[in-house]
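Below you'll find the structure, written out as structure tokens, and then a few comments.
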């Protein structure tokens with residue numbers, strides 16, 4: 001009798017487990033899928049949600065993943081400028097009270113350590129910190145260039161760091177220059193600036209290094225002109241990647257793909273109209289998450305726009321080591337980041 005009961009419980013347990021797996025499977029199958037072609041995702045809008053009385057956010061500006069797999073979020077809420085999650089959305093650490101204009105977040109590894117570069121649009125400075133928040137280097141306004149009248153004219157939005165520790169700062173809300181520094185923070189050169197030629201920039205919101213074609217180049221956002229611009233490392237314009245209808249934020253590269261949050265569409269004056277766009281190695285748009293399907297006519301990308309109201313004003317996209325996405329939003333009701341799992 002005892003053996004029969006044990007057998008019954010075992011069979012019941014297996015049936016319950018199977019039912020649970022099937023239930024999860026069917027639930028997953030019923031989730032809405034966003035995106036196009038082979039870059040499609042399900043959304044978890046509750047992934048990064050925390051108790052706002054304990055760990056509030058204001059604008060969720062940018063996110064990176066460190067070597068431990070943790071997702072690091074930068075917000076301009078000075079109760080905790082940095083929130084560090086594991087990939088399940090559980091909070092691991094928080095710090096930072098001194099960055100009221102926290103905007104740009106980049107990660108750099110050197111000498112077995114990892115560092116963050118934070119731009120602050122209110123303080124008109126750039127900071128290099130360790131992963132616990134200790135400030136190691138402060139970059140003030142680039143007076144030595146001779147193109148800035150005062151520190152208020154310098155409103156840095158993004159950085160990118162070379163393998164040798166040299167770095168570039170994008171002055172995306174200021175005079176629109178890209179400024180090249182050595183690893184100690186000494187100015188080496190600058191290019192861009194506001195103007196009407198193709199090589200000039202307007203809302204140079206983001207910058208990254210692109211090694212997908214072999215030779216490293218710089219990709220720089222020109223948000224009001226709906227494009228990314230490719231420059232050589234010494235500032236020569238090489239290419240314009242047109243993204244009609246998309247007011248893009250910083251370019252993010254993972255593998256062969258280029259990802260970007262589209263803050264608004266078709267113009268910056270249209271609130272709550274953003275989506276996420278994904279480009280392949282040839283810089284052809286292959287998927288829009290929450291956006292219209294990419295259409296090319298005679299080789300020209302047609303204007304894109306928001307199609308699904310899943311975002312308000314997305315500001316950055318982070319791609320993790322499993323090709324899942326995390327999206328941070330600006331001026332969107334103080335929402336925490338969303339996670340998108342690739343299907």
Only Cα pairs within less than 10 Å get springs; with that Gaussian network setup on the chain, which residue of 57, 220, 135 has the largest fluctuation?
135
Go ahead and set up a Gaussian network model of the chain, Cα springs under 10 Å, then flag whichever of 274, 255, 48 fluctuates most.
255
Mean projection area, nm², convex hull over Cα of region 262-319
4.2 nm²
One can check that the equivalent ellipsoid of region 45-196, built from the alpha-carbon gyration tensor with semi-axes equal to the square roots of five times its eigenvalues, has lengths in Å, largest first, of 28, 18, 12
What nm distance separates the two modelled labels at residue 36 and residue 86, each placed 7 Å from Cα along Cα→Cβ?
3.8 nm
Can you pull the three principal axis extents for the Cα set of region 146-213, in Å, largest first?
31, 28, 17
Exposure proxy order (Cβ contacts within 10 Å, fewest to most) of 180, 315:
180, 315
For n ≥ 4 DSSP H runs only, could you compute -39500 (n - 2.57) per run for the chain, divide by its residues and tell me the 222 nm figure to the nearest 500?
-3000 deg cm²/dmol
Using the count of nearby Cβ atoms within 10 Å as a rough guide to exposure, how do 341, 217, 198 rank from fewest to most?
198, 341, 217
Using the Kirkwood formula on the Cα atoms of region 153-264, what hydrodynamic radius do you get, in angstrom to one decimal?
13.8 Å
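Which value in Å is the Kirkwood Rh of region 237-343 over different Cα pairs?
Taking the inverse mean of 1/r over all distinct Cα pairs, region 237-343 comes out at 13.9 Å.
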Could you state the per residue volume, in Å³, of the convex hull enclosing the Cα atoms of the chain?
168 Å³
Once you have the Kirkwood Rh of region 154-193 from its Cα pairs, apply Stokes-Einstein at 25 °C and 0.890 mPa s and quote D in µm²/s.
247 µm²/s
Taking the number of other C-beta atoms within 10 Å as the exposure measure, put 250, 225 in order starting with the fewest.
225, 250
Among 243, 73, 137, determine the one that fluctuates most according to a GNM of the chain built with springs between C-alpha atoms less than 10 Å apart.
137
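A short reminder: the numbers here are calculations on the coordinates, not readings from a lab. Worth saying up front: this structure is predicted, and the values here are computed from it rather than measured. FYI the Cβ positions are ideal-geometry reconstructions off the backbone, even for glycines, and counts take in every protein chain you see.
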